[in-house]
Amino acid sequence: MKSIILPLIAMCFCVAVTAQKGTVIIEQDQKISQLVELYRSVNSTDNFYTIQVGFGTYNTAEELKSEVDVDFPNWSSKIVFDSPTYRVQIGKFKTKLEAERKFLEVREKYPAALLLKPDKKN
């Protein structure tokens, strides 16, 4: 009986191993790549005004970012490395007027804050 079960299990195992072959074909609308490019251009940081709250070592920047996240919870914040320091930046403002209004709010809490213009790489 054992001599029949062992070859049967071996055959089932071989069938299961070879059953994993196949190909996947993804059909994608050509407009998806256009939408991805449009999304990248709209959300790139090059077209936005930002506010730099402060800078320093990585630990200092991390602490400052935590404070900024508490003080301005609905704004995006990030740490940017610009040799030799780490800079804490908040906000993504499309217009200069909007950026200047928010900058005045930030300056009340962080007097050393700077308004950064968008990089024009055209």
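No value in this document is a laboratory result; all are computed from the given coordinates. Every value quoted in this text rests on a predicted model; they were computed, and no experiment measured them. Every residue, glycine as well, gets a Cβ built from its backbone with ideal geometry; the counts of neighbours run over all protein chains shown.
Annotations
- When Phe93 is tested against (1) crowded, with 19+ Cβ neighbours inside 10 Å; (2) under 22 Å from Gly56 (Cβ atoms); (3) touching a Phe, Trp or Tyr at 6+ places or on another chain (Cβ under 6 Å), exactly one condition is not met: (2).
- Of the residues contained in region 48-61, one or more are found to be in a loop (DSSP other than H, G, I, E, B) and of a type outside the set (A, V, I, L, M).
- Region 68-122: number of residues that are assigned to a strand (DSSP E or B) and either within 17 Å of Gly54 (Cα to Cα) or among the β-branched types (Val, Ile, Thr) (or both): 17
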